[in-house]
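Trainee: Shown below is the structure under consideration.
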Amino acid sequence: MTQSENASAWPDHKPTALLVLADGTVLEGFGLGAEGQAVGEVCFNTAMTGYEEILTDPSYAGQIITFTFPHIGNVGTNEDDIETVNMAATPGARGVILRTAITDPSNYRATRHLDQWLKARGIIGLSGIDTRALTALIRSKGMPNAVIAHARNGEFDLHGLKEEAREWPGLEGMDLVPMVTSGQRFTWDETPWVWDEGFGRQSDPKFNVVAIDYGIKRNILRLLAGVGCKVTVVPATTSADDILAMKPDGVFLSNGPGDPAATGKYAVPVIQQVIKSGTPTFGICLGHQMLGLAVGAKTRKMHQGHHGANHPVKDETTGKVEITSMNHGFAVDQASLPKGATQTHVSLFDGSNCGIQLDGKPVFSVQYHPEASPGPRDSHYLFQRFADLMREKKRA
């Protein structure tokens, strides 16, 4: 065999995907999922399970997710684990970064290979880079703006990609809720998944709940239905008068993407009127942040955010520690909490605020995602707490 013949026998390792950071750094890898390019903020997620739920969480709109766990895609994908409610909306994550190539799925629930699933949802992927090094960079310098690009022919306009990454303004000041909220109201009665049985239906609701959709997840709705709620989901811009006209026993403030201060320009006045009405109110994630804004607190952009399924949080009302799932890049500034708003939960990683309760009012919220169940279900009690508040209000 000649030298040229020997050389041609080796596989082509030409990069087919790039991650171009705003500072001009270029990371080369191999493309997967959809072709094209997308700009967003790069974060890292430390979860070892639940990649499909993570990639379909609307709270990740505007972000490119780096998984620190090296084996993503092993269990394939299925229709049951999708968290997006508004299927017509922009997918949650703009891109995904993996350490290794996706292997064939090995799970009895799998219906589709992750690569095919990413293509169908228009999500751009990149594999073959040192995700631990990228994570270390984020921990050191914060979450960078970047462009992720995938082209099978390996041809890129590098100058244009660098310019796009550099000029993207970032998530601060950005209201992304219009991209993910539902366009019209609808009702929900599906209850949580049970092993080998699937999902159930709520047939005997005890409470009438209105859920304001800032990018709500399916499992939140399931757990609300599971504690006896008939849930009516309304778009993010629904007025307080329209919400209260439905005579809800409780109002739920959902998770969602973007800067809470930007979304709060139209959401906070609504939340303030709901609180004033005395209606039991429960918020999660973005809903928690905007509840904080509604009572006079401030929010701040975090250095690296909290993204994972293994975050310890202390419930300061009971002294218990729960292992939680998190996904947020903004947080309520605990030092800005006014009198009458008590911190109830705190992160044991960095001491940041993870929950508040309004003194003497049936209103509370948490920063993390109690509906998630990556193994532990430590935080599911919060949905029962909400139901108990509604029950007490009805008795009164």
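Throughout, read-outs are computed from the coordinates displayed, never taken from laboratory work. Everything quoted here is computed from the prediction, not taken from an experiment. As a convention, Cβ positions derive from the backbone with ideal geometry for all residues, glycine included, and neighbour counts pool all protein chains shown.
Trainee: Please state, rounded to one decimal and in Å, the Kirkwood hydrodynamic radius that the chain gives when every pair of distinct Cα atoms enters the mean of 1/r.
Mentor: 21.7 Å
Trainee: In nm, to one decimal, how far is the modelled label at VAL194 from the one at VAL26, with both set 7 Å along Cα→Cβ?
Mentor: Roughly 5.6 nm, to one decimal.
Trainee: Same structure again: Mind checking which lysines have their C-alpha under 25 Å from LYS141, skipping anything on the same chain fewer than 8 residues away?
Mentor: LYS141 reaches LYS162, LYS298, LYS301.
Trainee: So, R0 is 30 Å and r is the distance between the beta-carbons of PHE69 and GLU316; what FRET efficiency does that work out to, to 0.05?
Mentor: The value I calculate is 0.50.
Trainee: If you take every residue apart from PRO205 with its C-beta less than 12 Å away from the C-beta of PRO205, what net charge results, scoring Lys and Arg +1 and Asp and Glu -1?
Mentor: 0
Trainee: Indicate, rounded to the nearest 5 percent, the antiparallel portion of the DSSP beta bridges found entirely in the range 177-395. Before the final figure, lay out each step's value.
Mentor: Details: 28 of 46 bridges.
In the range 177-395, approximately 60 percent of DSSP beta bridges are antiparallel ones.
Trainee: Moving on. Tell me, in nm to one decimal, what length is gained between LEU348 and ALA133 on full extension, where the rule is 0.36 nm per residue of separation less the Cα-Cα distance?
Mentor: Separation in residues times 0.36 nm, less the Cα-Cα distance, equals 75.0 nm.
Trainee: Would you grab the residues whose amide H sits under 5 Å from the one on THR100? Only those 5+ places off in sequence or on another chain, please, with H modelled 1.01 Å from N.
Mentor: Under 5 Å from the amide H of THR100: ILE72, GLY128.
Trainee: Given R₀ = 25 Å, FRET efficiency for ALA262-THR232 by Cβ-Cβ distance, to 0.05?
Mentor: Working: r = 26 Å, r/R0 = 1.03.
Taking R0 as 25 Å, the efficiency between ALA262 and THR232 is 0.45.
Trainee: May I ask you to derive the FRET efficiency for GLN384 and ILE323 from their Cβ-Cβ distance with R0 = 25 Å, giving the value to the nearest 0.05? Before the final figure, lay out the partial values.
Mentor: Working: r = 18 Å, r/R0 = 0.73.
Plugging the Cβ-Cβ distance into 1/(1 + (r/R0)^6) gives 0.85.
Trainee: Under a crude label model (7 Å from the Cα following the beta-carbon direction), how far is LYS394 from ARG185 in nanometres?
Mentor: The modelled label-to-label distance comes out at 1.9 nm.
Trainee: Moving on. Specify which residue in the list THR318, VAL274, PHE199 is farthest towards the positive end of the charge dipole of the range 177-395, using unit charges on the beta carbon of Lys, Arg (+1) and Asp, Glu (-1), about the Cα centre.
Mentor: Sorting the options by dipole projection puts first VAL274.
Trainee: Using per-residue counts of other Cβ atoms within 10 Å, averaged over each peptide, order 185-192, 13-20 from highest down.
Mentor: Order by mean packing, descending: 13-20, 185-192.
Trainee: Under unit Cβ charges (Lys, Arg +1; Asp, Glu -1), what dipole magnitude, rounded to 20 debye, does the chain have relative to its Cα centre?
Mentor: On the way: 36 positive and 43 negative charges, 253 e Å.
The dipole magnitude comes to about 1220 debye.
Trainee: Another question, then. What value, in deg cm²/dmol to 500, does the helix sum -39500 (n - 2.57) over DSSP H runs of n ≥ 4 give at 222 nm once divided by the residues of the chain?
Mentor: Calculated mean residue ellipticity at 222 nm is -7000 deg cm²/dmol.
Trainee: Which values of log₁₀ I(q)/I(0), to two decimal places, follow from the Debye formula for the range 8-167 at q = 0.11, 0.13, 0.19, 0.21 Å⁻¹ with a uniform point scatterer at every Cα?
Mentor: Log10 I(q)/I(0), no solvent term: -0.40, -0.57, -1.21, -1.45.
Trainee: Same structure, new question: Ranked highest first by the average count of other Cβ atoms within 10 Å around their residues, in what order do 206-217, 154-165, 301-312 fall?
Mentor: Ranking the peptides 206-217, 154-165, 301-312 by packing returns 206-217, 301-312, 154-165.
Trainee: Show me 51-60, 341-350 ranked by packing, highest mean number of other Cβ atoms within 10 Å first.
Mentor: 51-60, 341-350
Trainee: Follow-up. Explain nothing, just the number: dipole magnitude of the range 8-167 about its Cα centre with +1 on each Lys and Arg Cβ and -1 on each Asp and Glu Cβ, in debye rounded to the nearest 20.
Mentor: 280 debye
Trainee: While we're looking at this one, here's another question. When a/c reaches 1.5 or more, the comparison of a/b and b/c decides; with that in mind, is the range 66-117 rounded, prolate or oblate per its Cα gyration tensor?
Mentor: oblate
Trainee: Give LYS276/LYS393; LYS206/LYS394; LYS265/LYS361 a once-over and call out the pairs whose C-alpha atoms are over 18 Å from each other.
Mentor: On the way: LYS276/LYS393 14 Å; LYS206/LYS394 10 Å; LYS265/LYS361 23 Å.
Correct reply: LYS265/LYS361.
Trainee: Let me ask something additional. In terms of the Cα gyration tensor, with a ≥ b ≥ c the square roots of its eigenvalues, is the range 173-315 rounded because a/c is under 1.5, prolate because a/b exceeds b/c, or oblate?
Mentor: Values: a/c = 1.77, a/b = 1.22, b/c = 1.46.
Verdict is oblate for the range 173-315.
Trainee: Around CYS285, which amide H atoms from residues at least 5 apart in sequence, or from another chain, sit under 5 Å from its own amide H, with H modelled in the peptide plane?
Mentor: VAL366, GLN367, TYR368
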